1. Quick one: would you say residue A:576 is of a type in the set (S, T, N, Q), open to solvent by less than 20 Å² (accessible area, probe 1.4 Å) and at pLDDT 90 or above?
2. Select from the range B:451-461 the residues that are surrounded by 22 or more Cβ atoms within 10 Å (Cβ to Cβ) and among the aliphatic types (A, V, I, L, M) and write down the one among them that is nearest to the other protein chains (Cβ to nearest Cβ).
3. Being under 20 Å from the mean Cα position of the chain (by Cα) and open to solvent by 20 Å² or more (accessible area, probe 1.4 Å) is true for just one of B:498, B:546. Which residue is that?
4. Limited to the range A:184-194, what total is found for residues that are open to solvent by less than 10 Å² (accessible area, probe 1.4 Å) and either in a loop (DSSP other than H, G, I, E, B) or over 19 Å from residue A:15 (Cβ atoms) (or both)?
5. Looking at the range B:179-223, which of its residues are closer than 23 Å to residue B:158 by Cβ, acidic (Asp, Glu) and open to solvent by 10 Å² or more (accessible area, probe 1.4 Å)?
6. Kindly list, by first and then second residue, each pair from a residue in the range A:522-551 that is over 10 Å from residue A:597 (Cβ atoms) and hydrophobic (A, V, I, L, M, F, W, C) to a residue that is open to solvent by 60 Å² or more (accessible area, probe 1.4 Å) and part of a helix (DSSP H, G or I), limited to pairs with Cβ atoms under 8 Å and residues at least 6 apart or on different chains.
7. Can you name every one of the strands (runs of 3 or more DSSP E) wholly within the range B:29-139 that holds 1 or more residues which are among the basic types (Lys, Arg) and surrounded by 20 or more Cβ atoms within 10 Å (Cβ to Cβ)?
8. If a residue must be under 21 Å from the mean Cα position of the chain (by Cα), open to solvent by less than 20 Å² (accessible area, probe 1.4 Å) and more than 8 Å from chain A (Cβ to nearest Cβ), how many such residues does the range B:462-490 contain?
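The values are calculated or read from the model by the stated rules, or taken from the named source; none is laboratory data. Given the structure is predicted, the values throughout are model-derived calculations rather than measurements. Glycine also receives a Cβ, built like all others from the backbone with ideal geometry; neighbour counts cover every protein chain displayed. We work out accessible area using only protein heavy atoms, side chains counted, and drop any ligands, DNA or RNA first. Shrake-Rupley method; radii C 1.70, N 1.55, O 1.52, S 1.80 Å.
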Amino acid sequence: YRPPKYRNIRYRVPCAIREEVLQSNRVRRVISVVGKETGRTREDLTSEASAILEEMGHEFSETILRCIGGLIRKVFKQITTRVTVHTAGLEELRRLSSQKPLLLMPTHRSYLDFLLVTWVLYSFDIKTPVIAAGQDFMFMRGVGALLRRCGAFFIRRSFGKDKLYWALFTEYTQTHIINGDAPVEFFIEGTRSRTGKSLQPKFGMLTIALEPYFDARVADIGICPITLSYEKTVEENLHVREMMGTPKPKESTTGLIKARAILDNNYGTIHVNVGQIFSVYEMAQGKVDRKVRALVPRAVIPSVHPHERSFVNKLAYRVILEQQANAVVFPCSVLSALLLYRVSNKQWQIPSHELEVDMQWACGLLISLGCCVSWDNSADLAHHTAMLAPVVFQEEDNVVVDKNPPSADHLNSVFKQCHSLISLGRRRNELMHAVVHAAIIAKVLMRPKTRERTLMEYQQLRDILQYEFIFMPGRGEADFQCTTQQLLDLGLLTVSADVYKFVDMDTRSFLTSLLDPFLITYIDSWQFCISYMPRTAQHGQNIKSFCNRVQTYLSILYCEPYTHGESVNLTVLENSILVLVKLGHVVMDKTKKTVYCCDPLAFSNAISLFAFTIYPLSAKL
Amino acid sequence: AVVSTQSTGMEQDKKAFPLKRQEELKWNGWGYRDSKFDYDADTDTTTFSGDRYPMAGHVLPNLMKWFRSDCSANLNYKTPAMPLDLNAIPKPVRCPPFIEEAKLCCKHLSEDPEDRLMHGHGHLCEEIYMLRSNTYFKRIPDVVVYPGCHDDVVKLVELAVKYNVVIIPMGGGTSVSGALMCPEEEVRPIASLDMTEMNRIHWIDPENLMAHIESGIIGQDLERKLESEGYTTGHQPDSLEFSSLGGWVATRASGMKKNVYGNIEDMVVRIKMVTAKGTLEKSCQVPRISAGPDVHEFILGSEGTLGVITEVTMKIKPLPECTRYGSAIFPDFDKGIQFMHAVSRKQIYPASIRLMDNDQLQFGLAIKPEKTLIEQFTDTIKRMYITRLRGFNPTKLALCTLVFEGSTATVEKQESEIYAVAAEYGGIPAGEENGKTGYLLTFNIAYLRDLGMNYGFLAESFETSVPWDRVSDLVKNVKQRIIIVCREEGVRHPPHISSRVTQAYDTGACCYFYFGFGSEGVPDPLKAYSAIERSAREEVLANGGSVSHHHGIGKVRSDYLESSISPVGKQALVAIKNELDPNNIFGNGNLIGVVGPSLKSKL
């Protein structure tokens, strides 16, 4: 293992890095500012800073990495069928690793993500990254220390206004980028996505990581989106529970030992795809003027300019879209979508041969829409069903969606079947990024419409679903243009005299079935909001507990049999409220996270108008 | 007590080059015709010809090895210079009445195509590249006039106004900003005003330590003449051999020993400039004047756009009692920068302090002449000491060269102070010899580009000034940018890129870069070169560097003027230009771009 080194690197051991951070301009200044504010002495604050760094810092050791490398390999060998990697992308990554500092931004679906990335890079003779990790792992006896030696550094989940912590964390991250000790890895989604879809990007860490460029400390930074596609994630069951409201179990070493059962399961295939490596320099041309910062001396802590902020925001979306473009969709995701389609028609038991035909068709459709499906034209239904276990099983010649899966034993009966549906929904979500634009257009074109109207309604739905899916802000019309052209080329759509018509009814109903659960849930949730959302700021209710109320309400509203699980999926419910905040119907207190709605009448009019135009077929309304 | 220099002997009147400069200077390269690097492929050795430089006649065994390894040059890829093609020189736009009348008020006037070509360019890489490849400039001066005195210039400018002839003043022709190139779209006749016949020192004033000098004098002549009287201006740019006093003023030049003597703006006491509206000058020669904004400030750096500088009164200093060279090596470039910064904070400026990075150090070593066996032996011992005992990494270390000037006591005090500071930053004194050769080689380095160009290697230098806290990052980032752009432009091998910090100021430093790349396989080397140059400049600006420390704006950097001095600032310059030169007689298009009678409509 002799990876190429960044050309401007100065060799430093981990404790030297911490010492340099402690001596840095930023930290020294913040210490004196905080000292003035709080009256604490310099020595006191310095020793606190030193302790924070001790808690935060990694202890990367190449020797440990070598030992662990073999172990990780064994683990992956045990639990997966195979791990495939995109070698051309890794070659490019290795080439660039000597040229410029790199940021690695993998998708985040599993605890295994950063082990996987580190191990793949190690195997390909690329400098392994230092990883910004949540503190959850740190408290795991032994494991925390081990991860530190593999390059993980730990960040508190929330440190709000703690100036000293903020300065230390910023400086610690940036010094790695400036000196190029190792690539810096962090998750643009901020946390593991429980839903199978990409989460909305977080901008804080990216802003910190790009500041060395804005500040001309480095000539360029390479951003490498990495997509990790799991056929089945290790934490699947836990994630489904969390979406329904069971809190995440605290990470602990005993928990890990208990969870060794995962070693006995097979989690199928993992694809590791390295996306196009962005050059920040190239992307910032004409958008960020570094000269502005050059007028602020290095001794003064710079502030982020609005043009830098908007650049970071756009870039964050670009990264996620690039991650999605490189995602591999597994046939079991397609199978989930098909099963959910059947369930929505109250069919819980589907003959295998029908599904095989459907699979063939659906995978073909997805591939023609530009989605990368690992489909070899032979529906190995047994394998795909096994990957959806335990919520789906094969019985004679039927594939059955379990209304009472063993993994939902802890739930009361109302939620039991939802468990299966949310679990399948989670798998279906893995393909949503590829079809969401087409699905919105299919939804809009339930009857033929003029181009202008189609576009308007597309934009409207896109706005409504902006927290559910990733849309590049300001690219609505371009995305619309691109997708309609694609549908026209495929012959799914026709246009005559400026009127669009969706001609392929099977495709349309399949595509709309992917979107309907979200839209129905949104409208149902909003109905509840009209009646029950607090009216004034002082009565404002915490968004999380409000969502729990919506969940209870909807579970009573629907009762059995459920046709989709989104109604009780808290992440969807929360998004339905957040979008109301974004659209200005609901007010949210940023710090207290409480919501209220001061004008339910106007809001209710807006919603019924929307429900009527977009969703005339909703049986419930 | 005024000393007249009229009666001094022959030696005094010797000129750096004759009126017909191409007789002694290369027409398509740097410097004297008899001085150049010659490479003998059979023995793989290089020699320096002629007898003008200490290096002349010596064998340079390492030069081409370095050229192959550090510059990735391919010596089999030969791009020799084309011979002069008189037919390719553009036909003149003649103005017979102007020429007839001009002949009466000058020392000499020439319409010879060779003279015209010699006056239509400076020494930018692209200018030399074009000359070597017989693709001459679309537009060159139509006539070359050699005025003999201030009054000649006054009359010539009046004639130019009368006949609407463009005037482009020229001194030594060492510009590296495209300032001497004629605007391609210029349809009026262009007269080049060769100032080098105006090379007299009118008087030397030992009482007030001033000298009144004609602007066409070449640096080496000025210094030689003053030296024989026991004085110096102390202005020592690297182009000293060929650049002129008027050129220094017109570009805001800077000299190596500015720490003792100041930059050109600190040295001038009075300037005479002939404009289209008459002569601009102050009526007194005083150390300081409070009379509104100083008009000298817009003459300095005006780059020939406002008028012709004819005479300058300059500060002079008695020759220093003691000049001593010195040097120190540092474990790496950053340590060296910290050392220079410390020197500036402590205000113990030696006459010159320069810091070469490792790449430039290797470059310097490559052009050292062959050593005797004993020298080689002592070198080995020294190298062992530095790398083995002191643990310096030979691929990282940086060399600081020093010049001390002044009274023996001052020099000795400074020396001990400097080396004490150096030690704080891990520096080791590396002897007088290393320092001295460092400075002497400067004059030879300029000749190297012509050798490189024989093998498709394009090279250029550029400079900037930047606050101390950004020096290190700027150098690092600019190097990286050049490497990346070279790759994008299809350059096959890593380019040569080296830098040095050449001046220390209280608030910052001047950084100087050499870069060069092999153009083999690059479809349009000039386009690639200019893309690389632009990217490098933009990186400099983004890093908080200035558009130029002393090379000036000219034409190649005029795009960056507005963003450097704000649109309002540029409007002010345009307004001055407009007022002093409404018909754009001084139409070389430098600094603020091509302006002319159409100027008002453009605004």
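1. In short, yes.
2. The qualifying residue nearest to the other protein chains (Cβ to nearest Cβ) is B:458.
3. Details: B:498 fails: open to solvent by 20 Å² or more (accessible area, probe 1.4 Å).
From the options B:498, B:546, the qualifying one is B:546.
4. In the first step, residues of the range A:184-194 are kept if they are open to solvent by less than 10 Å² (accessible area, probe 1.4 Å); the result is A:184-186, A:188-189, A:193.
Filter once more, so that each one left must be either in a loop (DSSP other than H, G, I, E, B) or over 19 Å from residue A:15 (Cβ atoms) (or both): A:185-186, A:188-189, A:193.
Of the residues in the range A:184-194, 5 are open to solvent by less than 10 Å² (accessible area, probe 1.4 Å) and either in a loop (DSSP other than H, G, I, E, B) or over 19 Å from residue A:15 (Cβ atoms) (or both).
5. B:186, B:197
6. As it stands, the answer is A:528/A:549; A:528/A:553, since those pairs meet every condition given.
7. Per the criteria, no element qualifies.
8. Residues meeting the conditions: 5.
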